[in-house]
Amino acid sequence: MSLDDQQILCTTWLSQASSDRATALILVPESGGQPKSFVETRGSERTGQISPDGRWVVYASTESGDWEIYVTTFPGAAGKWQVSRGGGTEPHWRGDGKELYFIGESGMLMAATVSTEGSFSSGTPAPLFQLHGRPHVSSTDQYTYDVTKDGQRFLVNRFVKTDRPTPLTIVLNATASGNTIGAAR
């Protein structure tokens with residue numbers, strides 16, 4: 001949501017999707033009306049977030065051939081700065097806008113310091129810790145982690161493999177009254 005609460009930045013699936021461009025970032029007016037494209041590249045874009053000061057947007061794109069993290073200006077996408085090196089998805093701003101987090105190569109959570117004084121610049125991304133996140137289960141499953149505003153704690157949707165999985169029980173020919181005619185286990 002923009003700082004003035006007038007626009008919502010969203011990821012949308014393209015109906016005429018090619019193999020190279022399946023998703024895009026759009027701005028949806030809060031009051032209704034036609035959504036408009038925000039960033040257009042030859043790749044897919046997703047998981048855009050407006051910076052805390054409302055002047056920048058971070059997003060993931062495949063325009064280079066691999067998922068990478070980029071920043072552009074807001075509300076008009078003028079200029080583009082690549083933050084990740086060697087892959088990146090799921091970008092998040094720290095609450096003060098001075099750091100970006102993203103998932104890098106092999107599931108490593110990365111952090112890059114940023115400066116937004118005048119123009120945009122970012123430092124070399126540094127690894128924080130290995131995420132053991134669960135795989136995405138649907139196309140709407142965009143984030144596997146979140147971060148507190150101060151950047152000190154992370155909430156991770158983690159995959160935990162149990163030693164003894166619970167057996168699956170299938171009930172056949174069940175009735176609403178609870179009488180089971182046949183069951184398989």
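The values are calculated or read from the model by the stated rules, or taken from the named source; none is laboratory data. Keep in mind it's a predicted model, so treat the numbers as computed, not measured. With ideal geometry, Cβ positions are generated from the backbone for all residues, glycine too; neighbour counts draw on all protein chains shown.
For (1) buried (at least 17 other Cβ atoms within 10 Å of the Cβ); (2) part of a loop (DSSP other than H, G, I, E, B); (3) in contact with a Lys or Arg (Cβ under 9 Å, 6 or more places away or on another chain), each residue gets a yes or a no:
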position	(1), (2), (3)
G76	no, yes, no
G86	no, yes, no
D96	no, yes, yes
Y101	yes, no, yes
For this session: Could you tell me whether the range 133-153 includes any residue that is at pLDDT 95 or above and part of a loop (DSSP other than H, G, I, E, B)?
Result: no
For this session: Among the residues of the range 27-67, count how many are modelled with pLDDT under 90 and on the phi > 0 side of the Ramachandran plot.
Result: 2
For this session: For the range 25-40, indicate whether the set of residues that are over 21 Å from Y143 (Cβ atoms), without any contact (Cβ under 8 Å) to a residue 60 or more places away in the chain and crowded, with 16+ Cβ neighbours inside 10 Å is non-empty.
Result: no
Seminar exercise, completed: Checked the range 103-132 for anything assigned to a strand (DSSP E or B), touching a Gly at 6+ places or on another chain (Cβ under 9 Å) and under 19 Å from G54 (Cβ atoms); matches are V114, S115
Problem set entry | Identity of the residue in the range 65-74, among the aromatic types (F, W, Y) and under 15 Å from the mean Cα position of the chain (by Cα), that ends up surrounded by the fewest Cβ atoms within 10 Å (Cβ to Cβ) | W67
